[in-house]
Amino acid sequence: AKAFSGFYATRRGLVVAGLMLAVMGLLLTRALSRSIVAPIRQLSRQAATMRTGDLSRPIGVSGDQEIEVLAETLDEARGKLASTLGELKTLNEDLEGQVASRTRLIEARYRDLKLLQSVAELSTQERDPERVIPGILQLVAAHYTLPAVAMVTRPPEGPAATYVAPPGTAIRTD
């Protein structure tokens, strides 16, 4: 037993040293978890919030210098992304307004072209001014939704002629 007493003492010392190393390892793991793992998890949650489209919340994480630099960089990217997204929304709204305005203009021109086409068709089908002019006046009244349209012609020779659409509408000739 005396022969193994040095061995037992060494073994106890190794066991105590091992336990101390295990406790130190646990303490070191806990410290690393608090200073690195927890801030990284917090950054991950905030990045997930950004991914869903919520760019309104600033990113702030405290921890080691590297973690704080990473958080600041991510927050700058969030700010630039939010700014760019706002600019794009504004440009999109402006573009939609321009498209709507140009669409209305094109539609108005198309209606005018249809009127001109109708006038041209009427003019090629009928050569008698006594029939063409009232027909054209009716087309103009319908196109512009006017209750009545009138036209007076004064040829170089002959009497003036008055045309009214729709026929029978009373007009004033003051």
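The table that follows gives values for the structure above.
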read-out	value
Selected from Leu122, Leu88, Leu19 as most flexible by GNM, with the chain as the system and alpha-carbon contacts under 10 Å	Leu19
Two-site FRET efficiency, Asp112 against Gln138, from Cβ-Cβ distance with R₀ of 22 Å, rounded to 0.05	0.85
Highest-fluctuation residue, Asp128, Asp112, Asp75 considered, GNM on the chain with Cα pairs under 10 Å	Asp128
Alpha-carbon centroid distance for the pair the stretch 95-174 / the stretch 41-78, whole angstrom	67 Å
Stretch in the chain that is longest and holds no chymotrypsin sites (Phe, Trp or Tyr not before Pro) that DSSP places in a loop and that have at most 16 other beta carbons within 10 Å	5-143
Diffusion constant of the stretch 70-118 at 4 °C, which comes from Stokes-Einstein with the Kirkwood Cα-pair radius and 1.567 mPa s, µm²/s	93 µm²/s
Karplus-derived HN-Hα couplings along the stretch 142-155 (A = 6.51, B = -1.76, C = 1.60, θ = phi - 60°), whole Hz, x at Gly and Pro	5, 5, 9, 6, 9, x, 7, 9, 9, 8, 10, 10, 10, x
Label of the coordinate-derived value, semi-axes √(5λ) of the Cα gyration tensor in Å, listed as (1) 25, 20, 18; (2) 99, 14, 11; (3) 36, 15, 15	(2)
For Leu95, net neighbour charge (Lys/Arg +1, Asp/Glu -1) across residues whose Cβ lies under 14 Å away	-2
Expected 222 nm ellipticity per residue - DSSP helices of 4 or more, -39500 (n - 2.57), all of the chain, to 500	-24500 deg cm²/dmol
Contour excess over end-to-end distance, with Cα ends at Leu81 and Thr52 and 0.36 nm allotted per residue	9.1 nm
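A short reminder: the numbers here are calculations on the coordinates, not readings from a lab. Predicted, not measured: the structure shown is a model, and the values here were computed from it. No Cβ is skipped: glycine too gets one built from the backbone with ideal geometry, and neighbour counts run over all protein chains shown.
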